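Novice: First the structure, then my questions, so here it is.
Every number here is computed from the coordinates shown, using simple stated rules; none is lab data. No experiment lies behind these values; they were computed from the predicted model shown. Every residue, glycine among them, receives a Cβ derived from its backbone with ideal geometry; neighbour counts consider all protein chains shown.
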Amino acid sequence: MMDVRHHPEEERLLAYAGGRLEAGMRLVLGSHLELCPYCRQRLRALNALGGLLLEDMEPAVMADDALERTLARIDALAPAQEHVTQVSAPPPLPPGASWPRSLAHCSATPWRWIGPGMRWSRVSVPESPEAKVFLLRIAAGKYLPVHTHSGQEATQILYGRFHDGRALFGPGDFDTADGSIHHQPVVQDGSECICLASLSGRLRFDSPIAKLFGALVGM
């Protein structure tokens, strides 16, 4: 069983339960829930609380054609759902590792070189083509350049470990960072590290060379 130590905050889980997260963040958080029994229990409690609140609300009057319009919207989504089942699998993983089920409807590019010991893969999310979701695969002892963020970044660690000066993150851990965080993730010795990440903005690298690479890959 994984020793998951870093979890999403209550507000983010509540937004997930209410369907208010953008697609990339929802995908990353969904992959965390698959690996974290503690957060699945928290989510169930939030859903139960939401159900109790709904029971206490005054019933709303629905339009006479509400059912017909709902069924029409479901019919309109059907072709897109059929297309989702035909996408390709993510690139290969090390022996013993597996991809989250939340990625099953997505496609991903092959691993691409971005520096010594560093590769990345762009993940395409069918329901949100503009989402910035990607996979990072970094060798033991290597590190990302020092950076901060212009928006929100969510990261789910799938394999291996890194330390960014704040804490040690391992398999199953979930991390978020924004413009208030200035860090450098360093992969720990003994194993490479593979992460799933979503960006709402861009990474802001300190190094001019790193800025160039970030621009090339859209980070």
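Novice: Test of understanding: ordering 159, 16 by Cβ neighbours within 10 Å, fewest first, what list do you get?
Specialist: 159, 16
Novice: Enumerate by residue number the GluC sites (Glu not before Pro) in the range 117-188 meeting two conditions: DSSP loop (anything except H, G, I, E, B), and at most 15 other Cβ atoms within 10 Å of the site's Cβ. Intermediate results must be reported in sequence, preceding the final value.
Specialist: Details: sites: 127, 130, 153; in loops: 127, 130.
Here the sparse-neighbourhood loop sites are 127, 130.
Novice: If pairing requires two Cys Cβ atoms under 4.7 Å apart, which cysteines of the chain are left without a partner?
Specialist: Among the cysteines of the chain, those whose Cβ sits 4.7 Å or more from every other are 106, 193, 195.
Novice: State the three equivalent ellipsoid semi-axes of the range 118-219, derived from the C-alpha gyration tensor as the square roots of 5 times its eigenvalues, in descending order and whole Å.
Specialist: Listed largest to smallest, the semi-axes of the range 118-219 are 19, 16, 13 Å.
Novice: Pulled fully out, how much extra length does the chain show between residue 163 and residue 209, if you take 0.36 nm times their separation in residues and subtract their Cα-Cα distance?
Specialist: Between residue 163 and residue 209, full extension yields 14.3 nm more.
Novice: Using only alpha carbon pairs under 8 Å that are at least six residues apart, calculate the relative contact order of the chain and give it in whole percent.
Specialist: Taking the mean separation of contacting Cα pairs over the length of the chain, I get 22 percent.
Novice: Once you have the Kirkwood Rh of the chain from its Cα pairs, apply Stokes-Einstein at 20 °C and 1.002 mPa s and quote D in µm²/s. Intermediate values should be presented prior to the final figure.
Specialist: Details: Rh = 19.0 Å.
Reported coefficient: 113 µm²/s.
Novice: Calculated FRET efficiency, residue 72 and residue 217, Cβ-Cβ r, R0 35 Å, to nearest 0.05?
Specialist: 0.30
Novice: Could you identify which residue out of 118, 25, 62 has the top mean-square fluctuation in a GNM of the chain using Cα springs shorter than 10 Å?
Specialist: Of 118, 25, 62, the most mobile in the Gaussian network model is 62.
Novice: Something else about it: With +1 assigned to the C-beta of every Lys and Arg and -1 to the C-beta of every Asp and Glu, and no other charges, what is the dipole magnitude of the chain about the Cα centre in debye, to the nearest 20?
Specialist: 1040 debye
Novice: Normalised by the residues of the range 100-160, what does the relative contact order come to in percent, with Cα pairs under 8 Å and at least six apart?
Specialist: Relative contact order, the range 100-160: 23 percent.
Novice: Here's a follow-up. Are there trypsin sites (Lys or Arg not before Pro) in the range 121-171 that DSSP puts in a loop and that have at most 15 other Cβ atoms within 10 Å, and which ones? Before the final figure, lay out each step's value.
Specialist: Values: sites: 122, 132, 137, 142, 161, 166; in loops: 142, 161, 166.
Loop-located and lightly packed - 166.
Novice: Per-residue ellipticity at 222 nm for the chain, helices alone: DSSP H runs ≥ 4 residues times -39500 (n - 2.57), over residue total, nearest 500 deg cm²/dmol?
Specialist: On the way: 5 runs with 70 residues, N = 219.
My calculation for the chain gives -10500 deg cm²/dmol from helical runs alone.
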